[in-house]
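Right, one structure below, let's go through it.
Each reported figure results from applying straightforward, stated rules to the coordinates on display, with no laboratory input. What you see is a predicted model; the values in this text were computed from it and never measured. Backbone-built Cβ (ideal geometry, glycine too); neighbour counts: all protein chains shown.
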């Protein structure tokens, strides 16, 4: 078996894992979109949970070959993952701007 075949199999497995992780992320995104929050701290807490849930997605997207498989097999999933990551980054930056400080789980402002 060639090294390329092994890499392709790993990328396909990673694709399946991404689809499963995306379901959990989608649940949290929908909760943040549709939720009726009584306090901003509850919303912020849920956003931090979303941020942490998306970390393994980002790590897997960075694995060589995974994005190539995603773009070949499911371009909509690839676009959705990229857009979700950007939306999370935007919300994280907003929280940093509003609070004036970094929060646990929120990357530093660049």
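Laid out as a table, the results:
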| item | result |
| --- | --- |
| Mean residue ellipticity (222 nm) of the chain, computed from DSSP H runs ≥ 4 via -39,500 (n - 2.57), nearest 500 | -27500 deg cm²/dmol |
| The chain: angle of helix 40-61 to the longest principal axis, Cα-based, in degrees nearest 10 | 10 |
| Rounded to 10°, Cα long-axis angle of helix 75-99 versus longest principal axis of the chain | 30 |
| Whole-number percent relative contact order across the stretch 7-67, with pairs defined as alpha carbons under 8 Å at least 6 apart | 54 |
| Per-q log10 I(q)/I(0), the stretch 3-99, q = 0.15, 0.18, 0.21, 0.25 Å⁻¹ (Debye; single scatterer per alpha-carbon; no solvent) | -0.63, -0.82, -1.02, -1.30 |
| Relative contact order [Cα under 8 Å, 6+ residues apart], the chain, whole percent | 30 |
| Exposure proxy ranking, count of Cβ atoms within 10 Å, fewest first, for 27, 54 | 27, 54 |
| Computed lengthening from residue 71 to residue 38, 0.36 nm per intervening residue step minus Cα-Cα distance | 7.9 nm |
| Rounded to 10°, Cα long-axis angle of helix 3-34 versus longest principal axis of the chain | 20 |
